[in-house]
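The values are calculated or read from the model by the stated rules, or taken from the named source; none is laboratory data. What you see is a predicted model; the values in this text were computed from it and never measured. Methodologically, a virtual Cβ is constructed for each residue, glycine included, from the backbone with ideal geometry; neighbour enumeration extends over all protein chains shown.
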Amino acid sequence: MKSLHVNLSGGRDYDIFIQNGLLRQAGEKIKEVYKGGRIAVITDSNVKPLYAETVLESLKKAGFQVKLLDFPAGEPSKNLDTVVSLYDGLLNPDPFPVTRGDLIVALGGGVVGDMVGFAAATLLRGIPFVQIPTTLLAQVDSSVGGKVAVDLKQGKNLAGVFYQPKRVLIDPETLTTLSDRVFFDGLSEVIKYGMIRDEELFELLESCHSREELLPHMEEIIRVCCHIKKEIVERDEMDTGERMVLNFGHTLGHAYEKLGHYSTYMHGEAVACGMVSICEIGERQGRTLPGTADRLKKMLCTYGLPVEAQKVPQEALIGTLAYDKKGSGGSITLVLCERIGKAALQKVPKETFAQWVHEIV
Ligand SMILES: NC(=O)c1ccc[n+]([C@@H]2O[C@H](COP(=O)([O-])OP(=O)(O)OC[C@H]3O[C@@H](n4cnc5c(N)ncnc54)[C@H](O)[C@@H]3O)[C@@H](O)[C@H]2O)c1
Ligand SMILES: O=C(O)C(=O)C[C@@H](O)[C@H](O)[C@H](O)COP(=O)(O)O
Ligand SMILES: [Zn+2]
């Protein structure tokens, strides 16, 4: 079994386990870190028929009393209304109302992890939770690092907190049931890690050309991505400096995602377009090695990811910049890719960035 340890202060350290078939061992792996007796599992409407039973059976076998809640799958559910419905379900006395002594399990993709993590962090001022991610995106990115949030009408992840899980259980076997679209959407965040930190990872992805060719490498790819993320989070948990590199491609990516009403693009697809845009800006500004955007585009095309977002009104695009969390007053911190494998941060006035965006879209 592959494992990683996330070192954090105040007894908030946790382990990430990666192993095929781990869902069936969820009960024992949770028992190692949780001494209480009751667990609420929350999932979405697609994951429930696929994996809820396996997890519930494993938890019951380990002696836990369980309750199961679900909500409609997809990004449009990631909002405060759904959180309120989760609070209702969690507090419902049938079969038990959750208390701080209980545990919540988030079983699903990034939408489940982000929203259930947010509900766990806020209900009763905090109930411990465990992440069991079932999409590639969630296994390489969202289940690690403690950013939990929901979307507001103004933009992505605007109501949220940092709240770390007690454990992350990754079962790569769950990837077999992903549609190609959802699988490659997650690959976009893997490509992001290659762009910001790991040229070797980028080259591995360049050497494969299909999901089939990636398959033998998946466990190692997940480990490498979690390792990059955990090291960055250990150094800058609260996202005040180095962690911002994990947001590469996200400033415009989040804008494309929102302006597509969360239905045109999935998160990774929007980030793919955002990574291309910022590389093009970087090349124009002399901050990015010429040819980087083309190399990235070639890779994205290989895996069927978009390289250019649909046209949206300039003012709307620029308007979303106000809500980027890397902004401070009139400035915004940009995440640039100097060359494949190396990111750099640059603080610029928002108007300057707006002008640069205007030049490329
Ligand atoms: N917190 C973070 O650090 C972080 C990082 C990256 C992304 N995110 C967030 O993650 C979200 C995107 O995550 P996502 O792409 O996993 O989306 P998602 O959770 O909506 O999952 C995508 C689709 O796959 C389905 N699904 C999940 N697991 C499955 C499986 N094993 N087999 C078949 N279908 C399955 C889901 O029901 C859904 O329809 C966005 O909201 C994004 O903002 C958060
Ligand atoms: O963990 C981080 O830090 C990231 O930025 C990872 C991103 O892939 C992720 O999409 C994150 O949720 C974006 O964060 P936000 O602060 O821009 O909402
Ligand atoms: Zn992301």
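A few remarks follow.
- Residue identified as β-branched (V, I, T), in a helix (DSSP H, G or I), under 28 Å from G319 (Cα atoms) and within 16 Å of the chain's Cα centre (by Cα) among V111, V116: V111
The rows are residues; the columns are (1) on the phi > 0 side of the Ramachandran plot; (2) in contact with a Pro (Cβ under 7 Å, 6 or more places away or on another chain).
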residue	(1), (2)
G74	yes, no
D81	no, no
L86	no, no
L90	no, no
P95	no, no
T99	no, no
L103	no, yes
V111	no, no
V116	no, no
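- Flag if L201 is surrounded by fewer than 19 Cβ atoms within 10 Å (Cβ to Cβ) and of a type in the set (A, V, I, L, M): no
- Among the residues of the range 217-239, just one is away from ligand 1 (no atom under 15 Å from the Cβ), surrounded by 16 or more Cβ atoms within 10 Å (Cβ to Cβ) and basic (K, R), namely R223.
- The requirement of being more than 10 Å from ligand 1 (Cβ to nearest atom), farther than 21 Å from G37 by Cα, among the aliphatic types (A, V, I, L, M) and at pLDDT 95 or above is fulfilled nowhere in the range 131-147; no residue meets it.
- Contact annotation: residue pairs with Cβ atoms under 6 Å, 6 or more positions apart or on different chains, pairing a residue in the range 109-121 that is farther than 11 Å from G160 by Cβ and of a type outside the set (A, V, I, L, M, F, W, C) with a partner that is within 15 Å of ligand 3 (Cβ to nearest atom) and in a helix (DSSP H, G or I), are G109/A138; G110/L137; G110/A138; G110/S142; G113/A138; G113/S142.
- For the range 256-294, the tally of residues that are over 21 Å from V140 (Cβ atoms), not in a loop (DSSP other than H, G, I, E, B) and not hydrophobic (A, V, I, L, M, F, W, C) stands at 8.
- Elements of type strands (runs of 3 or more DSSP E) contained in the range 121-184, each with 1 or more residues being in contact with a Pro (Cβ under 8 Å, 6 or more places away or on another chain): 129-133, 167-170
- In the range 286-306, the residues that are under 13 Å from V276 (Cβ atoms) reach residues that are acidic (D, E) with C-beta atoms within less than 7 angstrom, at least six apart or across chains, in these pairs: T288/E338; T292/E283; A293/E280; A293/E283; M299/E206; L305/E269; P306/E269.
- Within the range 30-70, the only residue that satisfies the criterion of being touching a strand residue (DSSP E or B) at 6+ places or on another chain (Cβ under 8 Å), more than 12 Å from ligand 1 (Cβ to nearest atom) and among the polar types (S, T, N, Q) is Q65.
- Restricting attention to the range 263-278, the residues being in contact (Cβ under 8 Å) with a residue 60 or more places away in the chain and closer than 17 Å to L317 by Cβ number 5.
- Selection of strands (runs of 3 or more DSSP E) fully inside the range 1-46 by the criterion of at least 1 residues being acidic (D, E) and out of contact with any Leu (no Cβ under 8 Å at 6 or more places or on another chain) returns 38-44.
- Selection count where residues are hydroxyl-bearing (S, T, Y) and either modelled with pLDDT under 95 or within 22 Å of the chain's Cα centre (by Cα) (or both), scope the range 273-301: 1
- Beta carbons closer than 8 Å, at least 6 apart along the sequence or on distinct chains, pair a first residue in the range 210-239 that is away from ligand 3 (no atom under 16 Å from the Cβ) with a second that is outside any helix (DSSP H, G or I) and modelled with pLDDT under 95 for E219/K2; R223/K2.
- Residue that is surrounded by fewer than 19 Cβ atoms within 10 Å (Cβ to Cβ) and at positive phi, where the choices are R181, R125: R125
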